[in-house]
Structures are given as structure tokens and as C-alpha cells.
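Please read the structure below before turning to the comments.
The values are calculated or read from the model by the stated rules, or taken from the named source; none is laboratory data. Owing to the predicted nature of the structure, the values given are computational and were not obtained by experimental measurement. Just the protein is used for accessible areas: all its heavy atoms, side chains included, with ligands, DNA and RNA removed. Shrake-Rupley method; radii C 1.70, N 1.55, O 1.52, S 1.80 Å.
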Amino acid sequence: MSQVMDEKPTRDPGGRLALWLFYGFCLYSVWAMVRYFWVVSGADPAASGPGISELNSSTGIWLSALCGFMVLGGVCALLGGLAWYTRPRQR
């Protein structure tokens with residue numbers, strides 16, 4: 001066998017950075033959503049002050065969580081695409 005076939009393709013430094021950014025942002029997204037649900041679960045929507053609005057209802061809280069999840073998911077998708085684009089390739 002030749003040594004060229006035995007070599008495993010590796011990422012260049014830019015690809016490693018993109019991959020670690022993707023991993024880091026995914027962990028941040030999970031932490032942010034868990035923290036959000038933890039804080040919201042302790043809040044009482046009926047105990048709002050004079051600024052009672054639809055966003056203070058439980059439906060508004062869940063809608064806000066969904067919108068936040070979609071934004072974080074979009075950024076994760078962009079970073080994942082960048083990490084995939086910079087993946088090591090066979091030459």
C-alpha cells in the first residue's frame with residue numbers, strides 16, 4: 001500500500017476554527033434555551049403589573065421561546081454550513 005492512501009485528511013486551521021465555533025454556539029444555544037425555560041417556569045403570567053399584554057400570557061411566553069429557538073437554530077445552521085464547507089476532503 002502506498003502512504004498516500006494511509007493518510008487521513010485533516011482540517012486546516014480555518015476549518016478547525018469554524019468547527020469549534022459551531023460546537024461552542026450549539027452548546028450556548030442549549031444553555032440559553034434551558035436557562036430561558038428555567039426562568040419562565042418560575043414566572044407567573046397572571047402576576048404581571050400594569051403592563052399586561054398578550055406577550056405576558058403563557059401562549060406569548062411559548063411563542064417567544066419558539067422565536068428565540070428559531071433565531072438560535074438559524075445561526076447554528078449557518079455555522080454548521082460553514083463547518084461543513086471547510087471539512088477535509090480527499091485529494
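Amide H contacts under 5 Å for Thr86: none, restricted to partners 5 or more places along the chain or on a different chain, H placed in the peptide plane at 1.01 Å from N.
In this view, the solvent-accessible surface of Trp62, computed with a 1.4 Å probe and all protein chains in place, comes to about 150 Å².
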